[in-house]
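We did not get these values from a lab; they are worked out from the coordinates using the rules stated. Given the structure is predicted, the values throughout are model-derived calculations rather than measurements. So basically every Cβ, Gly included, is an ideal-geometry build from the backbone, and we count neighbours across all protein chains shown.
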Amino acid sequence: MLATRGLLPRVVIDASHGNSGKQNEKQLSVCTSIGNRIAVGDASIAGVMIESNLVVGNQPLQPDRALVYGQSITDACIGWSETVATLDRLAVAVHARRLPVDVPENLASQPAIA
């Protein structure tokens with residue numbers, strides 16, 4: 001659909017909300033799935049949106065109650081350690097996608113078709 005309108009067919013995938021059923025811990029498996037697609041060469045994925053904060057979960061805004069520093073007051077988030085691990089795995093997937101594809105020797109010596 002994007003290509004038919006002259007746009008690059010690339011998307012940013014929201015690992016939260018609908019893809020995880022708004023359950024913050026499910027973002028980890030969603031990101032694993034996205035990473036697997038990236039690692040095998042899916043070039044249509046331009047990025048990932050993750051609900052992340054320093055402290056896992058979320059907290060309500062209540063009068064006379066102190067807020068926990070680094071914890072969301074809106075959507076529940078994965079915590080810092082999960083974020084770091086997830087970003088590391090996605091970085092490995094991107095690196096794998098950027099590796100040159102092995103071309104069999106008999107094909108590598110063939111002249112390019114003009």
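R0 = 30 Å: FRET efficiency of Thr32 with Arg65, Cβ-based, nearest 0.05?
On the way: r = 35 Å, r/R0 = 1.18.
After rounding to 0.05, the efficiency reads 0.25.
Multiply the residue separation of Thr4 and Ile73 by 0.36 nm, subtract the distance between their alpha-carbon atoms, and state the gained length in nm to one decimal. Answer, rounded to one decimal: 20.8 nm.
Compared with the dominant Cα axis of the chain, that is its longest principal axis, helix 27-39 is turned about 10°.
Assigning unit charges at the beta carbon (Lys, Arg +1; Asp, Glu -1) and nothing else, what dipole magnitude in debye, to the nearest 20, does the chain show about its Cα centre? Before the final figure, lay out each step's value.
Numbers: 9 positive and 10 negative charges, 51 e Å.
Taking the Cα centre of the chain as origin, the dipole is about 240 debye.
Can you give the FRET efficiency to the nearest 0.05 for Lys22 and Val94, using r as the Cβ-Cβ distance and R₀ = 30 Å? Could the numbers behind the result be given before it?
Numbers: r = 26 Å, r/R0 = 0.88.
Efficiency computed from Cβ-Cβ geometry: 0.70.
With a Förster radius of 30 Å applied to the beta-carbon distance between Val84 and Asn58, the computed FRET efficiency rounds to 0.95. Tell me the label only: which of (1) 1.27; (2) 1.01; (3) 1.18 is Rg/Rh (Cα atoms, Kirkwood Rh) as calculated from this structure? Working out Rg/Rh (Cα atoms, Kirkwood Rh) from the coordinates points to (3).
Of the residues Thr4, Gln23, Ile38, the one whose Cα sits farthest toward the positive end of the charge dipole of the stretch 3-100, with +1 on the Cβ of Lys and Arg and -1 on the Cβ of Asp and Glu, is Thr4.
In the chain, the longest principal axis of the Cα atoms and the axis of helix 80-98 are about 10 degrees apart.
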